[in-house]
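Coordinate-derived values only; no laboratory data. Computed from a predicted structure; not experimentally measured. FYI the Cβ positions are ideal-geometry reconstructions off the backbone, even for glycines, and counts take in every protein chain you see.
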Amino acid sequence: MIIRVDDKVVNLVEKICRALKDGKIQADAFPTEEITDLIECTLGESFWKCIGSRQNYGFANMPDVYKECLVKAVERKDMEECEHLLRLFECTYQAFYTALNEEEKMFRERPYRQMIIDLGTVNSQIQYRLHKERQKAFTDRKERVLGEGRGAVYTCLLGEKALSQPKEINRQMDYLCFTEDEDKWGKQNGVWKYCKMEKPEKIGETEEEKVLILENWCKIMAHKLLKDYDYSIWVAPNLTIVGDVSRFCKVYGDGKSFLSFPSPMEDCIYEDMSITQMSTDDLNIMIRKMMLQYRKEGYPEHNGLIDGRVIVRNHKDEELCRIMEEWWKEVEKGRLFIGNVFNYMSWKYKFPFSICNLFIYENPYFRVNDIDLDTNEEL
């Protein structure tokens with residue numbers, strides 16, 4: 001499942017409070033509107049509709065009281081007070097949930113579309129603001145524009161997965177699908193042209209591992225697969241393009257050579273890997289060693305994570321190509337430990353990049369196919 005609503009609220013508030021305490025969010029960057037929207041959708045009318053109840057006068061006014069106090073604290077540039085107010089909101093929310101009877105909890109734990117979208121959007125906007133603050137340290141590189149020159153949208157098709165046709169097509173770009181199936185090479189499927197899948201030296205032992213390694217080789221090594229293109233847009237096989245990808249590049253590229261989405265789940269590589277719950281097989285021992293090495297190097301906790309299901313890259317940036325090579329080397333070390341190494345690589349090499357402030361499951365450009373937001377179930 002993509003999300004358990006109540007845990008997600010608490011985790012998001014914890015992230016914001018941590019950023020406030022560490023001085024990573026100042027008054028001019030405080031996401032007042034996003035946080036008040038979060039309070040409204042979790043303590044306001046939607047909260048009570050979700051459990052089949054009706055709020056009284058005091059409860060109905062609670063979101064407005066929080067909003068007024070937060071606005072005044074931000075105006076005073078009192079970040080400590082903002083943190084205290086968010087802690088109070090978190091405690092209130094948890095107290096409300098604890099006080100629900102079993103039937104109300106059952107209804108509450110049935111996630112519903114708008115709540116998921118609201119929480120995901122707020123989280124993405126918070127991650128975007130924190131990312132912008134971190135990126136201020138990287139100001140001495142030449143700006144590069146994403147979306148100029150010859151471009152390709154590409155994906156891969158392995159196993160029994162279906163190929164999703166874009167809802168909106170940019171006629172100035174090529175749409176390429178890499179596959180192992182030799183019978184498809186050079187043929188068309190709608191807008192997509194099938195291409196030969198180049199393979200890394202090591203592709204895994206089990207079929208599941210093989211598919212995962214090949215897909216991520218394709219995702220990471222765009223500069224090798226698409227040497228004749230100036231830039232590329234990687235779209236994971238389980239996504240559908242629903243908007244203008246060229247506009248996505250221009251709106252969110254921000255003069256960088258790399259653009260992706262923020263992770264909708266975690267913002268810390270150490271927490272995302274759930275190290276304390278890992279087993280003791282060779283793979284997990286290797287991953288633990290990698291995590292220990294990152295800590296020794298000083299890689300900070302909560303440094304953000306990208307969602308690699310969409311990646312835009314400028315192939316003319318030689319430094320970025322080198323970082324992609326280093327990313328793949330880390331993948332080869334950890335095998336299945338793939339998705340979240342990029343943020344570490346960018347930190348290590350002081351490489352600036354962009355993320356958008358959109359929720360990957362609900363945005364104007366891409367749609368995830370295998371999650372139904374109405375039921376929160378995998379399709």
ask   = Taking θ as phi - 60°, what are the ³J(HN,Hα) couplings along the range 16-25 by the Karplus curve (6.51, -1.76, 1.60), each to the nearest whole Hz, with x for Gly and Pro?
value = 5, 4, 4, 5, 5, 5, 7, x, 8, 10
remark   = Given a Förster distance of 56 Å, the FRET efficiency implied by the Cβ-Cβ spacing of residue 206 and residue 26, rounded to the nearest 0.05, works out to 0.70
task = Could you work out how far apart the two model spin labels at residue 181 and residue 132 are, taking each label as a point 7 Å from the Cα in the direction of the beta carbon, and quote it in nm?
result = 4.4
task = Could you work out how far apart the two model spin labels at residue 295 and residue 91 are, taking each label as a point 7 Å from the Cα in the direction of the beta carbon, and quote it in nm?
result = 3.1
